[in-house]
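Below is one structure, written out as C-alpha cells; the observations come after it.
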Amino acid sequence: MNTEYSFFVGIDVSKRKLDLAWLHEGKIRSKVIENSPRGYADLQDWLVAHGAAPAQTHLCLEATGPYGEGVATALADAHWPVSVVNPARIKGFAQSELARNKNDRADAALLARFCAALNPVLWQAPSVQWRALRAKVERLQVLKEMHQQESNRLEAHQVSQEVLQAKSVSEHLAWLDKKIAALETDIDDHIDRHPELKQDAELIESIPGIARTTAAKVLAYLGDVRRFHSAKALAAYVGVCPRERVSGSSVRGRTMISRAGNASIRHALYMPGMVALRHNPILKTFGERLIASGHAPKAVIGAAMRELVHMIYGIVRSGVPFRADFCSQKLDFQDGI
C-alpha cells in the first residue's frame, strides 16, 4: 500500500469527458467533468474542496494518447503528483482483481486502486519547447504519409490514363512538397533556437546511422532522456527490450522485442537501425555476430534498435559525442539476444 499519500484519484479519459474516482480510507467518490481546460480547473477545485493538497494526493490515468495529455499536463504544471501508466499494467491489475465490470466509472475506480496499491512513478511534463517540437514532428509525419498516399494515387491514375485526376493529384503533391520543406526548415530552426535541444540533437546525430530527421523525432517523442534512471529503462519505454517465451520443457518461443512501449519512436528507429548495421562500426560488428549465431534478420534489426537506444542514452547523459573506441565495449547477447 502506498503510504506516502492519503488520497488517490483515478482518471478515466475519453474524448469529451473525464470520469474521476476519489479513493480515501477505502471509500470511493465519483465525478464526471469535461475533458477541457475548464474541466481541468474544475478537477483541481474539486480536489481542494475535499481537503486535498498536492503533497497528499496522487492522481493516475492511462497513457491513451492526445486525449489524456491535456489533463496530465495541466495537473503537472500545477504541481499535482500525477502518473501516466501503460494500459497493459492496468489490464493486468484488473485481471488480478478478477474485475467483472468494464465501464468508465469502474475503470476510474480501478485506476485509483492501482495507484494506491502500486505507487506508479510520477510523470514529468515535457517543457514547452519539447511540446512544440513534438507537435511539429507529428505534423510533418502526417504530411509525409499524405504525400505517400497521393503518390500512390498518382501512379494509379497515370496507369489508368485518368488525366484530370492525375493533374489534380500532381498539384496537391506540389503543395505538399512545399509544406513539407517549410516544416522541415521550421523544425531545424526550432532546434537551433533552443540550446538544450540543439546540444542534444548534435550529440544524437554524432551516432552513425542517425541523421537530423531521426534526431528530431527522438527528441520529440522521448523528451529529455536524462529523466530515465538507466538505459534499460529507456529501452523498456521505447519497447525494444527482448521478450522471452520459455517455460518448462515444452514452451520454447522465439525471443523478440517487447513492443510494449512507444510505437512512434520504434517506427522512427527502424530504418536507422538498418543503416547503423552497415555504417556504425560498433553495430556492424554486433550485427555480424548475431547473424553468425543464426538470428533472424528482423531480430538483428530489433537488437540494433535497442543498442541505438542505449547509445543515445549514454551519449546524451555523458555529453560526449560518439566515439568508436569509447563505445566499443563488449556487446554480449544480453537478456536473451
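The values are calculated or read from the model by the stated rules, or taken from the named source; none is laboratory data. Note that the structure is a prediction, hence the values are computed from the model and not measured. Positions of Cβ are generated from backbone atoms using ideal geometry, with glycine treated the same way; all protein chains shown enter the neighbour counts. For the accessible areas, the whole protein counts, side chains as well, though only heavy atoms, and no ligand, DNA or RNA atoms are used. Shrake-Rupley method; radii C 1.70, N 1.55, O 1.52, S 1.80 Å.
A search for C-beta distances below 7 Å between a residue of the stretch 260-277 that is over 13 Å from GLN141 (Cβ atoms) and any residue that is surrounded by fewer than 17 Cβ atoms within 10 Å (Cβ to Cβ) and modelled with pLDDT of 90 or more, counting only pairs 6+ apart in sequence or on different chains, returns LEU277/LYS284. From the list ILE315, ILE337, ILE301, the lone residue that is at pLDDT below 90, β-branched (Val, Ile, Thr) and under 22 Å from VAL218 (Cβ atoms) is ILE337. Within the stretch 114-137, if we keep just the residues that are in contact (Cβ under 8 Å) with a residue 40 or more places away in the chain and touching a Ser or Thr at 6+ places or on another chain (Cβ under 7 Å), the residue that is surrounded by the most Cβ atoms within 10 Å (Cβ to Cβ) turns out to be CYS115.
Under the condition of being among the β-branched types (Val, Ile, Thr), under 14 Å from GLY209 (Cα atoms) and open to solvent by 10 Å² or more (accessible area, probe 1.4 Å), the residues counted in the stretch 299-330 number 1. Considering each residue of the stretch 173-195 in turn, none proves to be under 19 Å from VAL275 (Cβ atoms) and either open to solvent by less than 60 Å² (accessible area, probe 1.4 Å) or not in a helix (DSSP H, G or I) (or both). For the stretch 7-57, the candidate set comprises residues that are of a type in the set (Val, Ile, Thr) and under 19 Å from ARG105 (Cα atoms); within that set, the residue that is farthest from the chain's Cα centre (by Cα) is ILE28. Checking each residue in the stretch 230-245 for being closer than 23 Å to GLN124 by Cα and either surrounded by 14 or more Cβ atoms within 10 Å (Cβ to Cβ) or at pLDDT below 90 (or both) picks out ALA231, LYS232, ALA233, LEU234, ALA235, ALA236, TYR237, VAL238, GLY239, VAL240, CYS241.
Among the residues of the stretch 138-172, those that are of a type in the set (Gly, Ala, Ser) and either open to solvent by 90 Å² or more (accessible area, probe 1.4 Å) or farther than 29 Å from PRO66 by Cβ (or both) comprise ALA156, SER160, ALA166, SER168, SER170. What are the residues in the stretch 246-298 that are at pLDDT below 90, open to solvent by 50 Å² or more (accessible area, probe 1.4 Å), in a helix (DSSP H, G or I) and of a type in the set (A, V, I, L, M), if any? ALA263 - this is the single residue of the stretch 246-298 that is at pLDDT below 90, open to solvent by 50 Å² or more (accessible area, probe 1.4 Å), in a helix (DSSP H, G or I) and of a type in the set (A, V, I, L, M). Scanning the stretch 15-25 for residues that are closer than 27 Å to SER264 by Cβ and in a loop (DSSP other than H, G, I, E, B) turns up at least one hit.
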